[in-house]
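To start, the structure itself, in structure tokens.
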Amino acid sequence: MSDEQVAKLAQQHHLVEPLHDLPNEPRTVNEAEIAAQNPKATRRLLTGCDVMLHNRSKVRAWGLENIPETGPFITAATHVTMYDVFVPMVSLFHQGRRPRYMAKAEMATWPLIGKWFQAVGMQPVRRRSGQARAIEETSVDILTSGRPLTVWPEGTVTRDPQKWPMSMKNGVGMIALEASRRCGKQIPLFCAVTWGAASINHLWPWPRKNVVMCYDARLDYSDLLEHQESWGEWPNAEDADELTRRIRVRMTRIMEEIRGEKAPDGYWDFRTMKRVTD
């Protein structure tokens, strides 16, 4: 990602460095949430992530003021590389929130940091286990208990050859709709889009590459909640599919702005490994 593109984005948005506490205007830190999520381990992991991100990249972000100070919310994040996992996590932590993370169970076995991930809120997801509904139920419970939740709707790093957001499972839609029904109000949902990490050579990461994240404004899906009385035990698959589609489309539009280029028509389908039209 070129310096010229970052400068162009800086003319349109207020870019800040999210690797330190409260990089925007003063805000109320959620002290109760911080105290409830192993504060010592969290601070150590956060410090380590800050050092790693700073040494390998120049991270900038806009939209961090959209992160709620209290209450549950969902962050749906892009997944271009494994590096992208850390950018929204660090940004949310430095904004005084402590979301739980739905992440692949394999991460819990990573040396050293696997235990840390679990200590600071990682919720292991065993992919292809046939337990999708149990995972969704756990996610809804996190939100109805008042905690925020971060998910990567693509389920793994994008397989799009050009690194655009690919097809997504409708779990994020199911979780948002069902949690909203149980809470009696629309759970805030935000897209976090990160770009630039794909160009980092981790064996020799110098000079540091530009990485930019947008934490977008709240995505409205109130229209999908209007007929929730007609749902059964869980929301209609069609409604969950539609909300998931809106997330993918919004992520793609934001990434277009960050990259300064137009995305190809359609999207990459993980099941067929082909580009398809909407």
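The values are calculated or read from the model by the stated rules, or taken from the named source; none is laboratory data. Worth saying up front: this structure is predicted, and the values here are computed from it rather than measured. Glycine gets a Cβ as well: all are built from the backbone with ideal geometry, and neighbour counts include every protein chain shown. In case anyone asks, the SASA skips ligands and DNA or RNA and just uses the protein heavy atoms, side chains included. Shrake-Rupley method; radii C 1.70, N 1.55, O 1.52, S 1.80 Å.
If you roll a 1.4 Å probe over the heavy atoms of the protein chains, what accessible area per residue do you get for the stretch 3-276, in Å²? Display every interim value, and only then the final one.
Values: 12450 Å² over 274 residues.
Accessible area per residue, the stretch 3-276: 45 Å².
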Cross-link list LYS8/LYS274; LYS163/LYS209; LYS8/LYS209; LYS8/LYS262; LYS58/LYS262: which exceed 21 angstrom alpha carbon to alpha carbon?
LYS8/LYS274; LYS58/LYS262
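Over the chain, what is the percentage of antiparallel beta bridges among all DSSP beta bridges, to the nearest 5?
Values: 8 of 27 bridges.
Given both bridge residues lie in the chain, the antiparallel proportion sits at roughly 30 percent.
Could you list the square roots of 5 times each eigenvalue of the Cα gyration tensor of the stretch 3-276, that is, the equivalent ellipsoid semi-axes, sorted largest first and rounded to whole Å?
With the √(5λ) rule applied to the stretch 3-276, the semi-axes are 27, 23, 19 Å.
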Charge dipole magnitude, Cβ of K and R +1, D and E -1 - the chain, Cα centre, debye nearest 20
1080 debye
Testing the spin-label approximation: label points 7 Å from Cα along Cα→Cβ at ALA198 and ASP223. State their distance in nm.
3.1 nm
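Taking 30 Å as R0, compute the FRET efficiency from the Cβ-Cβ separation of ARG182 and ASN24 and round it to 0.05. Mind dumping the intermediate values first?
On the way: r = 32 Å, r/R0 = 1.05.
The formula returns an efficiency of 0.40 here.
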Label model pair ASN55, ASP269: point-to-point distance (7 angstrom along the Cα→beta-carbon line) in nm is 4.4 nm
